[in-house]
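Bear in mind that the values in this text are calculations on the coordinates, not laboratory data. All values derive from a computational prediction rather than experimental measurement. Every residue, glycine as well, gets a Cβ built from its backbone with ideal geometry; the counts of neighbours run over all protein chains shown.
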């Protein structure tokens, strides 16, 4: 019987990390289905969805343990059958002045609405001309039944004096600016 596993890892960045992990997955007869990998501040981390025969998991566990000896931190957890999220999907981009707690405030607002964050990335950048520190985030959300893009926009725009929220839904994109 085939099962799904979620592998997470992190280590100091160096060439060959992805290859080392993928070789061990393939050698155990597993398939690399989906992943998110990133380098931040000299560290490399990722999350990988694997499909593998149940009888091959012990072999994969032993093989991955060898990577831990090189300083890699690895967890492997059995996953439920992948589900398709129910609800409307929105692509969201936020840009605004950076401040402490902005990620907490954004995710708290989305959670209070019942929006599920499927994917989230953020970065800090300098604003053109002024050099002010700007926060930029992109997310893919699945909305709870009855929740609309306008409710998401209105809730997020209350977070700061000036914030731009770009929402794409069904290939239709709208940009909104909160009043100063």
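Tabulated results
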{"read-out": "Residue-span extension gain [residue 105 to residue 1] - 0.36 nm each, minus C-alpha spacing", "value": "33.1 nm"}
{"read-out": "Contour minus Cα-Cα distance for residue 13 and residue 88 (0.36 nm per residue)", "value": "23.3 nm"}
{"read-out": "Angle in degrees between helix 17-27 and the longest Cα principal axis of the chain, rounded to the nearest 10", "value": "50 degrees"}
{"read-out": "In nm, spacing of pseudo-spin labels at residue 112 and residue 43 (7 Å Cα→C-beta vector)", "value": "3.0 nm"}
{"read-out": "Residue list for the range 1-25, given a label point 7 angstrom along the Cα-to-Cβ vector of residue 33 and an amide N cut-off under 15 Å", "value": "1-8"}
{"read-out": "Ranked by how many other beta carbons lie within 10 Å on average, peptides 53-64, 33-44 from highest", "value": "53-64, 33-44"}
{"read-out": "In Å, descending, principal axis extents of the Cα set of the range 5-70", "value": "38, 24, 14"}
{"read-out": "Ranked packing of 4-13, 99-108, most packed first, by mean Cβ within 10 Å", "value": "4-13, 99-108"}
{"read-out": "Value at 222 nm in deg cm²/dmol, rounded to 500, when DSSP H runs of n ≥ 4 in the chain each add -39,500 (n - 2.57)", "value": "-7500 deg cm²/dmol"}
{"read-out": "Hull shadow area, averaged, the chain [alpha-carbon convex hull, nm²]", "value": "13.0 nm²"}
